[in-house]
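See below for the structure under consideration.
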Amino acid sequence: MALVVMLAWGSPLARGADTIWISGGGDWFGGGNWSTGLPTSSTGAQINNGGTAAITGPGGTAQYLYLGYSAGSSGAVEISSGGTLSSMIGYIGNNTGSTGTATVTGNGSQWANTDSLRVGNFGTGTLNVRDGGVVSSPFGYIGFNIGSNGTATVDGEGSRWTNTKDLVVARGGTGELNILNGGTVSNAAGYVGFSSMGRVTVDGEGSHWINNGNLDVGS
């Protein structure tokens, strides 16, 4: 199955200074794990060094979250055990040649974006939502720009990715969405293969892809 969306997105706020993850692995809330202290709602967060920031408690924030900010870099975040993260825009695999991974797993674990979530912006991005984890965004994109590659998997009962506006699988790059074993993805309009190769799999009892508007496959 494949979809396509006609998109619109708002103008982002002026970008604040970024703080950069300097630990291999560790607690997001450990100020010493960041170059200039904890990110806030007015500062960006970059994870570029192959490390993983773990969020296991409430209150994680960032204006922009970049997992793999620059070419050749990689970074990951794992939200578990009821941890929460809020950001304006999430970039998973931000730049050409970069790699990013975000995992949201377990009941009560949440990542909320107030503008959009891009799984594969120019690089390669992977989003895993498992075992009751929840991700939300107005707009969702998998494979946002030409040359990007994005894969999102929502797996397990109670696992959700909720988009209040549109979800585009393969807007310019390659995109794949997997909804498995009771997972749920919802959005306004859904688009698969907007101008490139998109693929959607819905498999397993209780798995749902809910389109509250048009579903456009191949555009």
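The values are calculated or read from the model by the stated rules, or taken from the named source; none is laboratory data. Keep in mind it's a predicted model, so treat the numbers as computed, not measured. Cβ atoms come from the backbone with ideal geometry, glycine included; neighbour counts cover every protein chain shown.
Take S159 and tell me if it is more than 17 Å from N95 (Cβ to Cβ) and crowded, with 24+ Cβ neighbours inside 10 Å.
So S159 passes the test.
Give the residues of region 112-128 that are over 12 Å from Y141 (Cα atoms) and more than 9 Å from the chain's Cα centre (by Cα), sorted by residue number.
Within region 112-128, A112, T114, G123, T124 meet the criteria.
Which of the residues spanning region 1-47 are among the polar types (S, T, N, Q), within 29 Å of D166 (Cβ to Cβ), modelled with pLDDT of 95 or more and not in a strand (DSSP E or B)?
Answer for region 1-47, where residues must be among the polar types (S, T, N, Q), within 29 Å of D166 (Cβ to Cβ), modelled with pLDDT of 95 or more and not in a strand (DSSP E or B): T40, S41, S42, T43.
What is the residue count in region 96-130 for residues that are surrounded by fewer than 22 Cβ atoms within 10 Å (Cβ to Cβ) and in contact with a Phe, Trp or Tyr (Cβ under 6 Å, 6 or more places away or on another chain)?
Final tally of qualifying residues: 1.
Cβ-Cβ below 9 Å, separation at least six or inter-chain, first residue in region 167-183 and at positive phi, second assigned to a strand (DSSP E or B) and among the basic types (K, R): which pairs?
The qualifying pairs are A170/R199.
Name the residues in region 51-65 that are under 20 Å from G32 (Cβ atoms), out of contact with any helix residue (DSSP H, G or I) (no Cβ under 9 Å at 6 or more places or on another chain) and part of a strand (DSSP E or B), would you?
Listed by number, the residues that qualify are T52, A54, I55, G60, T61, A62, L65.
Among the residues of region 162-219, which ones are under 14 Å from G120 (Cβ atoms), among the β-branched types (V, I, T) and touching a Lys or Arg at 6+ places or on another chain (Cβ under 8 Å)?
Correct list: V169 only.
Which numbered condition in (1) free of Cβ contacts under 8 Å to residues at least 40 places away in the same chain; (2) on the phi > 0 side of the Ramachandran plot; (3) crowded, with 21+ Cβ neighbours inside 10 Å is the only one that G93 fails?
So the condition that G93 fails would be (1).
Within region 70-78, can one find any residue that is in contact (Cβ under 8 Å) with a residue 40 or more places away in the chain and within 15 Å of N128 (Cβ to Cβ)?
Looking through region 70-78, at least one residue is in contact (Cβ under 8 Å) with a residue 40 or more places away in the chain and within 15 Å of N128 (Cβ to Cβ).
Which one of these is under 28 Å from G72 (Cα atoms), among the hydroxyl-bearing types (S, T, Y) and surrounded by fewer than 21 Cβ atoms within 10 Å (Cβ to Cβ): S148, S186, S196, S137?
S196
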